[in-house]
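Visitor: This structure is in structure tokens; I'll ask about it shortly.
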Amino acid sequence: MNSDDTRFLADFEAMGTFGATPAGGVDRQAATEPDLAQRGWLRDLLTDHGMRVVHDRIGNQFGLVERVPGAPYVVVGSHMDSQPTAGRFDGAYGVLAALHAVSRAARADTAEGADPAYNLAVVNWFNEEGSRFPPSMMGSAVYTGRLPLETALAVRDRAGVSVAEALAGTGFLGEGEGPEAAFCAEIHVEQGRVLEESGATIGLVEATWAARKYRVVVSGEQAHSGAAVMADRRDALLGASMLVVAARDLADRFPGVLHTAVGSMDVYPNSPVVVASRAELLLDLRSNDEEVLAEADRLLREHVTRVEESASVSVELEQSHAWGVDPFQPEGVELARAGAEKLGLSHRRVRTVAGHDSVNMKNRVPTVMLFVPSVEGISHNEAEYTTDADLVSGLDVLTEVVRRLGRGELPSTGVHDPAARD
């Protein structure tokens, strides 16, 4: 292991101290004190590597290496915010790897006298996880024009604090739109077991799974939890619970092809002696097969009708957002494959089940997404782990990808439209 690798791993250990939990994970939700502290640490680290640090209007954090006056940027990075109790690797690895890859690529190009075509930028996207401020992937959604800035800034957390209020006075909220991107690259831990089980070191992400996400409101009638006659009850929590079970039953109906979850539920009045009058939950369906997803949607709506009848409640099912199986640019996949081949690292094509900022970016500019293995596929969990060897191998491939993109080896498709970000 060389000195650059040792420095990277030391920086990774230091990064994991921000919001560290007793069980070895992190709690670093967007714009909380630990998140703001690590942003300050990252700002200083970017500056130490000779980068100019800027922030855009939604709090995305950029470290710029300007080497071609007036040229757009190869934007490389991920996110450093986390779930309430999460692992140290998800997102954060991709930001730190981006910093070291951009620094290495710039130094190597200078040493070799290479003629770069594009500038380079490291990015720490704001609020990718969406645990404090929904929706997820907020910063990249604003950057790419998929989410209006005003809408994002107005989102409030459970305590009533808005994004704008949380970022005000922190020094991490800028006025501009950030650097113009020509290309994007992101590396991430896989959050699954495909690479580990196949023995491959590098995942070449070729597409995302399709998904449909829903906001569900179950309305009943408040009553005494002891005295109310059972037959008279309109229990919103009962109806919501039936939908939780229905979601799992759908996954069992399409084993290995459909993933379902209810990750959040709010109940009112949430009192031990009151039958709930309202329950709100977030439910999602994901599949690698769009026909399966459409059938799951149909079956879910049938379940809703049965729940309304059985629990004597009303159910409002609103699809908040959805996407189909969505490919990354094949030229980018091939460029990454060539980089892994050059370095002698095993690789395979994979699809991502989880959403990432690169999923937003690939619809604006050509984007390369890479994975490294997750031990036992564990993620969004304090036990999340990727070996040092795999972290370093991923950094090596990302550096190669950044160099190739920065030299203009992947033609720009012209899909970038700065007006779309207004």
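The values are calculated or read from the model by the stated rules, or taken from the named source; none is laboratory data. Computed from a predicted structure; not experimentally measured. So basically every Cβ, Gly included, is an ideal-geometry build from the backbone, and we count neighbours across all protein chains shown.
Visitor: Considering only the range 59-77, state which residues are part of a loop (DSSP other than H, G, I, E, B) and surrounded by fewer than 23 Cβ atoms within 10 Å (Cβ to Cβ).
Guide: Passing the criteria: E66, R67, V68, P69, G70, A71, P72.
Visitor: What number of residues within the range 290-319 satisfy the criterion of being over 23 Å from F254 (Cα atoms) and either outside the structural domain of R278 (by TED's automatic domain parsing) or part of a helix (DSSP H, G or I) (or both)?
Guide: 4
Visitor: If you don't mind, another one. So which of A31, A114 is among the small types (G, A, S), in contact (Cβ under 8 Å) with a residue 40 or more places away in the chain and crowded, with 18+ Cβ neighbours inside 10 Å?
Guide: Just a single option satisfies the conditions, and that option is A31.
Visitor: Considering D56, D81, D90, D109, which residue is surrounded by fewer than 24 Cβ atoms within 10 Å (Cβ to Cβ), acidic (D, E) and closer than 30 Å to E384 by Cβ?
Guide: D56
Visitor: Given the criteria crowded, with 18+ Cβ neighbours inside 10 Å, among the small types (G, A, S) and not assigned by TED's automatic domain parsing to the domain that holds S271, does G239 qualify?
Guide: no
Visitor: Identify, from the list A247, A294, the residue that is crowded, with 19+ Cβ neighbours inside 10 Å and under 14 Å from R212 (Cα atoms).
Guide: Numbers: A294 fails: crowded, with 19+ Cβ neighbours inside 10 Å.
Result: A247 is the single residue among A247, A294 that is crowded, with 19+ Cβ neighbours inside 10 Å and under 14 Å from R212 (Cα atoms).
Visitor: OK, next. Among the candidates R337, R286, which residue alone is among the charged types (D, E, K, R), surrounded by 14 or more Cβ atoms within 10 Å (Cβ to Cβ) and in a strand (DSSP E or B)?
Guide: R286
Visitor: Okay, moving on. Given the condition in the same structural domain as A141 (by TED's automatic domain parsing), of a type in the set (G, A, S) and over 22 Å from P179 (Cα atoms), answer yes or no: does some residue in the range 55-65 qualify?
Guide: No.
Visitor: Under the condition of being of a type in the set (A, V, I, L, M, F, W, C) and closer than 21 Å to E206 by Cα, which residue from the range 364-383 is surrounded by the most Cβ atoms within 10 Å (Cβ to Cβ)? Even if it seems obvious, please write down each step before you answer.
Guide: Within the range 364-383, the first condition is being of a type in the set (A, V, I, L, M, F, W, C), and the residues that meet it are 365, 368-372, 375, 378, 383.
Imposing the further condition that a residue be closer than 21 Å to E206 by Cα reduces the set to 365, 368-372.
On the way: V365: 24, V368: 31, M369: 29, L370: 26, F371: 28, V372: 28.
Across the range 364-383, the extreme among qualifying residues is V368.
Visitor: Taking the stated definitions as given, is M51 modelled with pLDDT of 95 or more, surrounded by 24 or more Cβ atoms within 10 Å (Cβ to Cβ) and under 29 Å from A168 (Cβ atoms)?
Guide: When the stated conditions are applied, M51 does not pass them.
Visitor: For the range 222-237, give me the residue count where each residue is among the hydrophobic types (A, V, I, L, M, F, W, C), under 14 Å from Y268 (Cβ atoms) and either more than 38 Å from the chain's Cα centre (by Cα) or part of a loop (DSSP other than H, G, I, E, B) (or both). Give the derivation first.
Guide: Going through the range 222-237, the residues among the hydrophobic types (A, V, I, L, M, F, W, C) turn out to be 223, 227-231, 236-237.
Within this subset, residues satisfying the condition of being under 14 Å from Y268 (Cβ atoms) are 223, 236-237.
Narrowing the set further to residues that are either more than 38 Å from the chain's Cα centre (by Cα) or part of a loop (DSSP other than H, G, I, E, B) (or both) leaves 223.
So the answer is 1.
Visitor: Considering only helices (runs of 4 or more DSSP H) fully contained in the range 128-204, which possess at least 3 residues that are without any contact (Cβ under 8 Å) to a residue 24 or more places away in the chain and over 17 Å from the mean Cα position of the chain (by Cα)?
Guide: Fully inside the range 128-204 and qualifying: 149-154.
Visitor: Shifting gears a bit: Quick one: in the range 250-267, of everything that is touching a residue at least 24 places away in the same chain (Cβ under 8 Å) and over 23 Å from the mean Cα position of the chain (by Cα), which residue is farthest from Q222 (Cα to Cα)?
Guide: F254
Each row is one residue, and each column tells you yes or no for (1) outside any helix (DSSP H, G or I); (2) under 20 Å from the mean Cα position of the chain (by Cα); (3) outside the structural domain of S393 (by TED's automatic domain parsing); (4) within 22 Å of G176 (Cα to Cα).
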{"site": "R7", "(1), (2), (3), (4)": "no, no, no, no"}
{"site": "A10", "(1), (2), (3), (4)": "no, no, no, no"}
{"site": "E13", "(1), (2), (3), (4)": "no, no, no, no"}
{"site": "T17", "(1), (2), (3), (4)": "yes, no, no, no"}
{"site": "G24", "(1), (2), (3), (4)": "yes, no, no, no"}
{"site": "D35", "(1), (2), (3), (4)": "no, yes, no, yes"}
{"site": "R39", "(1), (2), (3), (4)": "no, yes, no, yes"}
{"site": "G50", "(1), (2), (3), (4)": "yes, no, no, yes"}
{"site": "V53", "(1), (2), (3), (4)": "yes, no, no, yes"}
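Here's the yes/no breakdown for (1) within 24 Å of the chain's Cα centre (by Cα); (2) more than 16 Å from R233 (Cα to Cα); (3) at pLDDT 95 or above:
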| residue | (1), (2), (3) |
| --- | --- |
| R278 | no, no, yes |
| L285 | yes, yes, yes |
| E290 | yes, yes, yes |
| L300 | no, yes, yes |
| T305 | no, yes, yes |
| S312 | no, no, yes |
| V315 | no, no, yes |
